[in-house]
C-alpha cells in the first residue's frame, strides 16, 4: 500500500475507472476514519456505522464515473455517507433535520504541526468519554462540529454539505465549541474520538472489495498492498 500513498485521489479514481479496480482499496483505507466519525456523530452505534460505511463505499464506486472533481473526493463521499445516514434514520422512523456558500477563514479548534486530526491516538477510555459527551449535543451542532473539527473539512465544505447559511454555520459551530471547549482542550486530540482501528478497517475493505468484484466477475483474495 505504501507505494501508492503518493498518488492523489484523482489519479487513483482515473486508474480505477480504467480497470484497475483493486486500487479502490486505497480510497477505502484513506476515508474509513472520516466516514466512521461521520456515522458515529449521527449517533449510530458501531455496527450500524460499519454497515453504512460499506454501503457508502459501494455507492461511491458505482457512481465513480460521475465524480467530476469540482469538490474533493473526501467531501463527495462524506455527502454520500450523510445521505445514507439520513435515509436510514427515516426508515427507522426517526425524524432528523438535515438542512442541506460559505467563505469564512476561521480555523479549526485543533491546529498544530503534528496534524493531530489525521493521527490515531490510542486512548480508548478517553475516546468513549468524548463520544458520550458529543452524543448529548443537539444534532445540528454535533454535525457541524464533527464535519469541521473532527473530520477536518473547511468551513466552505461543511456549509455545502449541510446546505446552511454562513450565519448558521458560525452560530452552530460557536455554540458547539462553547459546549465542549473546556473539556476538549484539556483532555483529547480530535483523532481520539471514534477511533477506527486497523482490524475494523480491514473488515470494511474486505466487504466492499468482495461486493465490487462481484460486479466485475473477479474474486477478492485480500489486500495486494
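The values are calculated or read from the model by the stated rules, or taken from the named source; none is laboratory data. Treat the numbers as computed from the prediction; the structure is a model and nothing was measured. Cβ sites come from the backbone with ideal geometry, for glycine too, and all protein chains shown count toward neighbours.
Looking at this structure, is residue 61 over 28 Å from residue 20 (Cα atoms) and in the same structural domain as residue 20 (by TED's automatic domain parsing)?
For residue 61, the condition - over 28 Å from residue 20 (Cα atoms) and in the same structural domain as residue 20 (by TED's automatic domain parsing) - is not met.
With the condition kept exactly as written, say whether any residue in region 137-151 is surrounded by 19 or more Cβ atoms within 10 Å (Cβ to Cβ), within 28 Å of residue 73 (Cβ to Cβ) and modelled with pLDDT under 80.
no
Is it the case that some residue within region 56-68 is under 14 Å from residue 85 (Cβ atoms) and more than 13 Å from the chain's Cα centre (by Cα)?
Yes, that holds for at least one residue.
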